[in-house]
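*Asks:* I'd like to ask some things about the structure below.
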Amino acid sequence: MKALNKKKIYLSSPHMSDEGYEMQYIQEAFDTNWIAPLGKNVTEFENELSAMLGVKSAAALSSGTAAIHMALKAAGVGAGDIVFCSSLTFAATANPIIYQNAIPVFIDSDHKTWNMDPQALEKAFEKYTPKAVIVVHLYGLAADMDKIVELCKKHNVALIEDAAESLGTLYKGKHTGTFGDYGIFSFNGNKIITTSGGGMLVSDNEERIAKVRFWSTQSRDPARHYQHSELGYNYRMSNIVAGIGRGQLKVLQKRVEKKRYIYQYYKRELENLDGVRMMPINEWNEPNCWLSCITLSGKVRPLDIMEALEAENIESRPIWKPMHMQPFYEQYDFIGDGVSDKIFENGVCLPSDTKMTDEDLDRVIEIIKGLWV
Ligand SMILES: *Cc1c(COP(=O)(O)O)cnc(C)c1O
């Protein structure tokens with residue numbers, strides 16, 4: 001029986017600012033009847049995010065998935081091209097490779113980072129000549145960027161960072177999403193900040209970003225009539241949605257601090273339990289801790305934790321199932337020794353909602369500890 005009378009604790013739910021910043025920007029859009037299509041909020045959201053990250057330009061889009069799609073297109077990925085992609089991720093990272101009729105090759109994780117293993121990447125380069133590499137910063141943990149950037153430079157291959165989960169994460173003091181040729185962010189409902197749905201593509205290549213804005217608004221050539229020389233998409237963010245984004249950006253740092261607090265709270269309370277390991281934070285990593293995840297090597301299994309929490313009206317979930325294990329992607333090559341398989345089998349994402357109180361955290365911890373007695 002589910003204890004539905006008990007207060008629900010979410011994995012990661014939308015958290016608007018206490019100050020009501022989001023509504024102020026939306027109100028301004030209403031007052032000026034700038035509901036759609038583009039408008040000031042879109043332009044300012046792009047400017048504010050690029051300034052914060054330290055990149056030259058950004059294109060606000062309808063989703064993180066659309067941003068990955070446009071990054072691949074901007075990088076010149078087309079039919080038959082090979083794209084290397086982190087295997088341990090959400091399917092939205094890989095699906096746009098198929099939209100472009102390209103061929104994914106999945107790369108295993110490094111147990112030290114949970115992200116793309118540079119050694120597996122190096123092996124993949126011995127076997128294939130890809131057109132692009134998509135590296136994911138999972139759960140807000142930065143990948144081993146020095147080595148990955150170096151390998152991509154050496155092979156002269158475009159690097160796309162899927163930073164959908166890592167807005168606010170620093171790698172050696174610099175924002176994730178700004179190391180590659182392109183970086184993408186998501187503002188989906190469960191992300192560290194949300195616009196209800198949306199995404200951003202960032203790059204120092206202003207010409208490519210201008211091109212993405214063109215493709216994303218149906219590729220209308222500059223003519224009075226409707227003239228199209230290229231395939232178009234309807235991928236732009238609306239001015240209302242961008243208003244939410246501008247408001248959320250103001251509280252991003254607060255959300256990062258709370259997510260880190262949650263991680264440290266779990267670490268202090270759970271790390272001493274037999275077989276429990278927190279997700280790895282390396283010395284060069286200042287993660288946003290989007291989700292606090294653990295792996296288990298003892299007799300308590302991930303499902304035990306998920307079921308015990310569910311019975312108390314608390315959300316948790318498994319680690320992403322690697323792409324090379326997905327029925328849809330099984331036919332594609334995978335380079336690695338199955339590190340990501342093990343993280344998937346032994347891992348669990350704990351509730352990491354920024355609205356959680358210490359009492360909520362204690363409730364979660366007590367239930368988990370109860371499985372060890
Ligand atoms: C959420 C997410 C995406 C997709 O973003 P949407 O805005 O939902 O399209 C892509 N990659 C990763 C790793 C994600 O977590």
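*Asks:* Compute the longest continuous run of the chain that contains no exposed trypsin sites (Lys or Arg not before Pro); treat a site as exposed when its DSSP state is not H, G, I, E or B and it has at most 14 other Cβ atoms within 10 Å. Before the final figure, lay out the partial values.
*Replies:* Values: sites that count: Lys2, Lys6, Lys7, Lys8, Lys56, Lys112, Lys172, Arg220, Arg224, Lys299, Lys355.
Looking at the chain, 225-298 is the longest stretch - no exposed trypsin sites (Lys or Arg not before Pro) with at most 14 other Cβ atoms within 10 Å.
*Asks:* Taking only the alpha carbons of the range 185-240, what extent do you get along each of the three principal axes, in Å, biggest first?
*Replies:* Answer, in whole Å and largest first: 41, 25, 17 Å.
*Asks:* Which pairs break 24 Å Cα to Cα here: Lys254/Lys342; Lys254/Lys321; Lys154/Lys321; Lys172/Lys254; Lys56/Lys112; Lys6/Lys321? It would help to have the intermediate numbers written out before the result.
*Replies:* Values: Lys254/Lys342 33 Å; Lys254/Lys321 30 Å; Lys154/Lys321 31 Å; Lys172/Lys254 20 Å; Lys56/Lys112 32 Å; Lys6/Lys321 30 Å.
Beyond 24 Å: Lys254/Lys342; Lys254/Lys321; Lys154/Lys321; Lys56/Lys112; Lys6/Lys321.
*Asks:* Would you calculate the separation in nanometres between label points at His155 and Asn190, each defined as 7 Å from the Cα along the Cα-to-beta-carbon direction?
*Replies:* So the label points at His155 and Asn190 sit 3.0 nm apart.
*Asks:* Now for a separate question. Kindly write out, for the range 270-284 in residue order, the coupling ³J(HN,Hα) from the Karplus curve 6.51 cos²θ - 1.76 cosθ + 1.60 (θ = phi - 60°), rounded to whole Hz, with x marking Gly and Pro.
*Replies:* For the range 270-284, the Karplus-derived couplings read 10, 5, 7, 5, 4, x, 8, 10, 6, 4, x, 10, 7, 5, 8 Hz, x marking Gly and Pro.
*Asks:* Calculate the FRET efficiency for Glu283 and Glu206 from the Cβ-Cβ distance with a Förster distance of 41 Å, rounded to the nearest 0.05. Let's see the in-between values first.
*Replies:* Working: r = 34 Å, r/R0 = 0.83.
After rounding to 0.05, the efficiency reads 0.75.
*Asks:* GNM on the chain, C-alpha springs below 10 Å: top fluctuator among Asp204, Asp341, Asp274?
*Replies:* Largest GNM mean-square fluctuation: Asp274.
*Asks:* Moving to a separate point now. Over the range 21-249, calculate the relative contact order: mean separation of alpha carbon pairs under 8 Å at least 6 apart, over the residue count, as a percent.
*Replies:* Working: 518 pairs, mean separation 65.4, N = 229.
Computed over the range 21-249, the figure is 29 percent.
*Asks:* For Lys127 and Tyr261 in the same chain, what is the full-extension length gain: residue separation times 0.36 nm, less their Cα-Cα distance, in nm? Before the final figure, lay out the partial values.
*Replies:* Values: separation 134, 0.36 × 134 = 48.24 nm, distance 4.27 nm.
Full extension from Lys127 to Tyr261 adds 44.0 nm.
*Asks:* To continue, here is another question. Work out the charge dipole of the range 21-249 with +1 on the Cβ of Lys and Arg and -1 on the Cβ of Asp and Glu about the Cα centre, then indicate which of Ile244, Leu72, Gln24 is farthest towards its positive end.
*Replies:* Selected residue: Leu72.
*Asks:* Right, something else. Give the order of Glu315, Glu126, Glu230 when sorted by the count of other beta carbons within 10 angstrom, beginning with the fewest.
*Replies:* On the way: Glu315 18, Glu126 7, Glu230 12.
Sorted ascending by nearby Cβ count, the order is Glu126, Glu230, Glu315.
*Asks:* Still on this structure, please answer the following. In sequence order, what are the phi-derived ³J(HN,Hα) couplings for the range 318-326 according to the Karplus relation 6.51 cos²θ - 1.76 cosθ + 1.60 with θ = phi - 60°, rounded to whole Hz, with x for glycine and proline?
*Replies:* Going residue by residue, I get x, 5, 3, 7, x, 5, 6, 9, 7 Hz, with x marking Gly and Pro.
*Asks:* As a footprinting exposure proxy, order Cys349, Cys289 by other Cβ within 10 Å, with the fewest listed first. Let's see the in-between values first.
*Replies:* On the way: Cys349 22, Cys289 29.
The most exposed by this proxy come first: Cys349, Cys289.
*Asks:* Only Cα pairs within less than 10 Å get springs; with that Gaussian network setup on the chain, which residue of Ile134, Ile305, Ile244 has the largest fluctuation?
*Replies:* Ile305
*Asks:* A further question on this structure: When a/c is below 1.5 the answer is rounded, else prolate if a/b is larger than b/c, else oblate, so apply that to the range 1-134 with a ≥ b ≥ c taken from the square roots of the Cα gyration tensor eigenvalues. Display every interim value, and only then the final one.
*Replies:* Numbers: a/c = 2.43, a/b = 1.42, b/c = 1.71.
Here the range 1-134 falls in the oblate category.
*Asks:* Right, something else. Using θ = phi - 60° and the Karplus form 6.51 cos²θ - 1.76 cosθ + 1.60, what ³J(HN,Hα) does each residue of the range 223-235 get, whole Hz, x for Gly and Pro?
*Replies:* Going residue by residue, I get 8, 5, 7, 7, 10, 10, 9, 9, 5, x, 9, 9, 10 Hz, with x marking Gly and Pro.
*Asks:* Would you compute, for the Cα atoms of the chain, the largest minus smallest coordinate along each principal axis and list the three values in descending order, in whole Å?
*Replies:* 73, 56, 38
*Asks:* At R0 = 35 Å, how high is the FRET efficiency between Lys254 and Lys299 if r is their beta carbon distance? Nearest 0.05 is fine.
*Replies:* Values: r = 39 Å, r/R0 = 1.11.
Efficiency, rounded to the nearest 0.05: 0.35.
*Asks:* For every helix of n ≥ 4 consecutive DSSP H residues, a contribution of -39,500 (n - 2.57) applies; sum these over the chain, divide by its total residues, and give [θ] at 222 nm rounded to the nearest 500 deg cm²/dmol. Show your work: numbers first, answer last.
*Replies:* Working: 12 runs with 135 residues, N = 373.
Dividing the helical sum by the residues of the chain leaves -11000 deg cm²/dmol.
*Asks:* So, one more: Sorted from largest to smallest, which semi-axis lengths in Å does the alpha carbon gyration tensor of the range 172-318 give for its equivalent ellipsoid, taking the root of 5 times each eigenvalue? Walk me through the numbers before you get to the answer.
*Replies:* On the way: eigenvalues 330, 64, 45 Å².
Rounded to whole Å, the semi-axes are 41, 18, 15.
*Asks:* Which length gain, in nm to one decimal place, applies between Arg268 and Thr357 when the Cα-Cα distance is subtracted from 0.36 nm times their residue separation?
*Replies:* Details: separation 89, 0.36 × 89 = 32.04 nm, distance 1.60 nm.
Using 0.36 nm per residue and subtracting the Cα-Cα distance, I get 30.4 nm.
*Asks:* I need the calculated FRET efficiency for the pair Ala311 and His228, taking r as the beta carbon distance and R₀ as 51 Å, to the nearest 0.05.
*Replies:* Values: r = 55 Å, r/R0 = 1.09.
It comes to 0.40.
*Asks:* Now, a different point. Please compute the Kirkwood hydrodynamic radius of the range 150-250 from all pairs of different C-alpha atoms, in Å with one decimal.
*Replies:* 15.4 Å
*Asks:* Got a sec? How would Val339, Val373, Val135 order by Cβ neighbour count within 10 Å, fewest to most?
*Replies:* Numbers: Val339 19, Val373 4, Val135 30.
If I rank by nearby Cβ atoms, fewest first, I get Val373, Val339, Val135.
*Asks:* Then there's this: Considering only DSSP beta bridges whose two residues both sit in the range 21-249, what percent are antiparallel, to the nearest 5? Intermediate values should be presented prior to the final figure.
*Replies:* Numbers: 14 of 31 bridges.
The answer is about 45 percent antiparallel.
*Asks:* Here is a follow-up. For the range 64-204, what is the charge dipole size about the Cα centre, in debye to the nearest 20, if Lys and Arg each add +1 at the Cβ and Asp and Glu each add -1 at the Cβ?
*Replies:* Values: 11 positive and 14 negative charges, 26 e Å.
The calculation lands at about 120 debye.
FYI, it's all coordinate maths here, none of it is from the lab. Small disclaimer: the values here were computed from a predicted structure and weren't measured. As a convention, Cβ positions derive from the backbone with ideal geometry for all residues, glycine included, and neighbour counts pool all protein chains shown.
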